[in-house]
C-alpha cells in the first residue's frame, strides 16, 4: 500500500466551540457521495460538543462546509450532548444514525470519566432515521438496556449482517460514583426489523477474570459475510496496553473464535473491508511510535502483512508512558491530541482513512488516501 493523497475534511477554529474535532467517520452512500460525521467542541470533553456533517461529491478530494444535523439534544427532559455519531445506509437514501448521548445535568461540571472510581457520566444510545440521504432526520429513540450494562459506550457503526439482521457493539461501563470492581465487557445487540427493536444476544469480548479489558471494539463484515472484531486491550494487573486482539465469527455473530494476538498495539479503528476479501486496518501506535499506521491482510482471518505497513500520521510530541493505572488512562484520554482512525473502501478501490490530529489548542479532522 502507499499513500497518494492527504488533506483535511474539517478545520478547527481556535478559541471557539469548534476548536477540537474528533470521532470522525466516513460513510459511502449509494450514489457514490461520501458523508463524514464528526464531533466538535471547545475541548475533548465539553458541554458545548455537537455533531457536524460534511459531504464530498468527488470521492473525498474536497469537502463541503459543515452542517449541524441534530439540534435537539434533550432526552427524557435532560439536557445532554452528542459525543459521536455513526451512520449505516440501510437502503438507497435510508440512513440510520446511532449516537452516544451524554447526560450533562446529572453531575454538572464533572468530566466524562471519574479517575477515582473509573466510572463515567450517564449515557444513552439513540437512533434516528433519514429517508433523504441525511438531509432531515426523525426524532430520537432510545435503545433500552439492562442495568448491568451501566452507561453504554457505542464503539462502531451498526453492521448489516449476511442474514439481513443489524448488529450493534456496546461496551459496558460503571456508574460515576461506583467504587466496585469494574467488570468490563463488550456485548452484542441485534435487530431483525431494520433497527426498530433490539435485543441483547450475549458478550462479544469478555475476560471473565476481569483482568483484561476489551475497549473500543471495532468491527467489520467481510465479503464472505464473516465478521471480524478488533479489541484495544489493557491488562489492569500490569497496567499496560496489550496487542490488538482479533475475533472472527462465521455464523452472524452467534459464536466467536478465540481472541488472536495480532502482534502489534494498541487502538484499532474500524476496518476497511474490500470486495475481494482483503482487510485494511489502521491503528494508533501511541507508545511505540506516537503515530497512526495501517496494514493489509489478504483475508479476514489472515495475518496482516508487515511489509504492507504504511505510516499514516506521525505525531510530533514525545511518546507517552505505557504504564498507568486505569483511572489515569481514562482521564488522560481527554488530553490525547491524535487518533481514532476510521478506514473505508472507496468506490474506486482506494481506501480512505479519516483521523484527528493537532495540539491541545486545535485538532483538525484529516484524511489519507491509500492505493492498495
Worksheet item: Which value, in Å to one decimal place, does the Kirkwood hydrodynamic radius take for segment 132-274 when every pair of different Cα atoms is included?
Response: 16.2
Practice prompt. With r as the distance between the Cβ atoms of residue 196 and residue 115 and R0 = 35 Å, compute the FRET efficiency 1/(1 + (r/R0)^6) and round to 0.05.
Written response: 0.35
Worksheet, complete the sentence: Cα-based Debye curve of segment 1-127 sampled at q = 0.14, 0.21, 0.22 Å⁻¹ gives log₁₀ I(q)/I(0) of -0.69, -1.24, -1.31
Fill in: Ranked by how many other beta carbons lie within 10 Å on average, peptides 345-352, 122-129 from highest
122-129, 345-352
Worksheet item: Given the rule -39500 (n - 2.57) for each run of at least 4 DSSP H residues, summed and divided by the residues of the chain, what is its mean residue ellipticity at 222 nm, to the nearest 500 deg cm²/dmol?
Response: -500 deg cm²/dmol
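Please report the orientation-averaged projected area of segment 2-371, defined via the convex hull of its C-alpha atoms, in nm².
16.5
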Practice prompt. Provide Rg and Dmax in Å for segment 11-66, with only Cα atoms included in the calculation.
Written response: 12.3, 37
Practice prompt. Write down the percent of antiparallel bridges among all DSSP beta bridges whose residues are both part of segment 2-371, to the nearest 5.
Written response: 95
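Calculate, in nm to one decimal, what residue 211 and residue 62 gain on full extension: separation in residues at 0.36 nm each, minus their alpha carbon distance. Before the final figure, lay out each step's value.
Values: separation 149, 0.36 × 149 = 53.64 nm, distance 4.49 nm.
The residue 211-residue 62 span can extend by a further 49.1 nm.
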Item to complete: Sticking with the crude label model, points 7 Å out along Cα→Cβ, report the distance from residue 361 to residue 255 in nm, one decimal please.
Response: 5.7
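Any read-out appearing in this document is the output of simple, stated calculations on the displayed coordinates, not a laboratory observation. Nothing here was measured: the structure is a model prediction, and the numbers come from that model. Reconstructed Cβ throughout: ideal geometry from the backbone, glycine too, with neighbour counts over all protein chains shown.
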